[in-house]
1. Of the residues that sit in segment 75-92 and are in contact (Cβ under 8 Å) with a residue 24 or more places away in the chain and not hydrophobic (A, V, I, L, M, F, W, C), which one is farthest from Gln48 (Cα to Cα)?
2. Can you pull out the residues in segment 220-248 that are of a type outside the set (Val, Ile, Thr), touching an Asp or Glu at 6+ places or on another chain (Cβ under 7 Å) and within 17 Å of Lys62 (Cα to Cα)?
3. Filter segment 93-134 for residues that are at pLDDT 85 or above, surrounded by 14 or more Cβ atoms within 10 Å (Cβ to Cβ) and assigned to a helix (DSSP H, G or I) and give the result.
4. When only residues in segment 71-87 that are in a strand (DSSP E or B) and among the aliphatic types (A, V, I, L, M) count, which is nearest to the chain's Cα centre (by Cα)?
5. Testing Lys264 on (1) modelled with pLDDT of 95 or more; (2) out of contact with any helix residue (DSSP H, G or I) (no Cβ under 9 Å at 6 or more places or on another chain), one condition comes back false. Which one is that?
6. From (1) buried (at least 20 other Cβ atoms within 10 Å of the Cβ); (2) part of a loop (DSSP other than H, G, I, E, B); (3) polar (S, T, N, Q), pick out the condition that doesn't hold for Thr66.
7. I'm trying to understand the selection: among the residues of segment 205-229, which are in contact (Cβ under 8 Å) with a residue 60 or more places away in the chain and under 14 Å from Lys178 (Cβ atoms)?
Amino acid sequence: MELEPQLHTMTSAPSSATSPGLALDCTGVVRRFGGLVALNGVDMQVHQGEIFGLVGPNGSGKTTLTNAITGFYPPHEGRIRLFGQDITGMQPHDVAHQGVARTFQNLALFNGMSVLDNILLGRHVHMKVGVWRTAIYPWLSRDDEIAHRRKVEDIIDFMQLQGVRDEPVDVLPIGMKKRVELARALVAEPRLLILDEPMAGMNQEEKEYMARFVLDARDERGVSVLLIEHHMDIITGICDRMLVLSYGEVIDSGIPREVIANPKVIQAYLGGSRERQ
């Protein structure tokens, strides 16, 4: 596996100036599945305003850590804090209401629905008008929907999806579907955006477009980003810092170009790993 960066055509380097505050602080996170220790005392800190890369071979614990953060697999030990608030063990919907949005390794779009309607679903965390209140006071629902659609149209413009906004998502190529999924996450107006392999299955041009959108989300919308990715050219091209997991343990973290030169990191990728996720 080639660990050297290959993404030569990016027009912007990652920002080196980050807020001193922490967007995400994972301390001593342990997660077990029966006798299998999937995460063994993992520490990870993501600063506000940075793009942080999380990498590791298949089965290293990346998805398990992501699911611990988002409440799907609460840690058995350790603490997880989001912008200073302890969210350890919080239910997934409550984590979402704290300002966390994510995309998934496997596309989670709704086939048969349009691009616009898929993105609109991302506004559910902000929809507060109940069914009975809507029935009695229908104008409340109308005003609410207008406001949500305004946010959706803003994200459609931001993600350059105007030309496919009314198309069913199932007819779109993979690169465009990934863009729609990112748009659905962004329309939730997250403070922390977790992207699980957002460039999987893309060609080089599509990867560069997606990398630019991630950079713009951070720079223009103030979103802190946790990026899980196998493409090392993306990690070195847009991430401020990174962390490498292997067998559920941290083997290195720091500036990407320094981390990927670590012999332990090279061995972890070239040597493979057991399935843990």
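The values are calculated or read from the model by the stated rules, or taken from the named source; none is laboratory data. Because the structure is a prediction, the values reported are computed rather than measured. No Cβ is skipped: glycine too gets one built from the backbone with ideal geometry, and neighbour counts run over all protein chains shown.
1. Restricting attention to segment 75-92, the residues satisfying the condition of being in contact (Cβ under 8 Å) with a residue 24 or more places away in the chain are 75-84.
Checking the rest, the ones that are also not hydrophobic (A, V, I, L, M, F, W, C) come to 75-79, 81, 84.
Details: Pro75: 23, His76: 26, Glu77: 25, Gly78: 21, Arg79: 18, Arg81: 13, Gly84: 11 Å.
Within segment 75-92, the match that is farthest from Gln48 (Cα to Cα) is His76.
2. Initial filter on segment 220-248 (of a type outside the set (Val, Ile, Thr)): 220-222, 224, 226-227, 229-233, 237, 239-243, 245-248.
Next, from what is left, pick out any that are touching an Asp or Glu at 6+ places or on another chain (Cβ under 7 Å): 224, 229-230, 240-241.
Result: Glu229, His230, Arg241.
3. Within segment 93-134, Val95, Ala96, Val115, Leu116, Asp117, Asn118, Ile119, Leu120, Leu121, Gly122, Arg123 meet the criteria.
4. Start the filter on segment 71-87 by keeping residues that are in a strand (DSSP E or B), which leaves 77-82, 85-86.
Going one step further and asking which of them are among the aliphatic types (A, V, I, L, M), we end up with 80, 82.
Values: Ile80: 16, Leu82: 14 Å.
Going through the qualifying residues, I end up with Leu82.
5. (1)
6. Checking Thr66 against (1) buried (at least 20 other Cβ atoms within 10 Å of the Cβ); (2) part of a loop (DSSP other than H, G, I, E, B); (3) polar (S, T, N, Q), the one that fails is (2).
7. Lys207, Glu208, Ala211, Arg212, Val214, Leu227, Ile228, Glu229
Rundown of residues vs (1) within 21 Å of Val125 (Cα to Cα); (2) aliphatic (A, V, I, L, M); (3) modelled with pLDDT of 95 or more, yes/no style:
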{"position": "Gly56", "(1), (2), (3)": "no, no, no"}
{"position": "Pro75", "(1), (2), (3)": "no, no, yes"}
{"position": "Arg79", "(1), (2), (3)": "no, no, yes"}
{"position": "Gln85", "(1), (2), (3)": "yes, no, yes"}
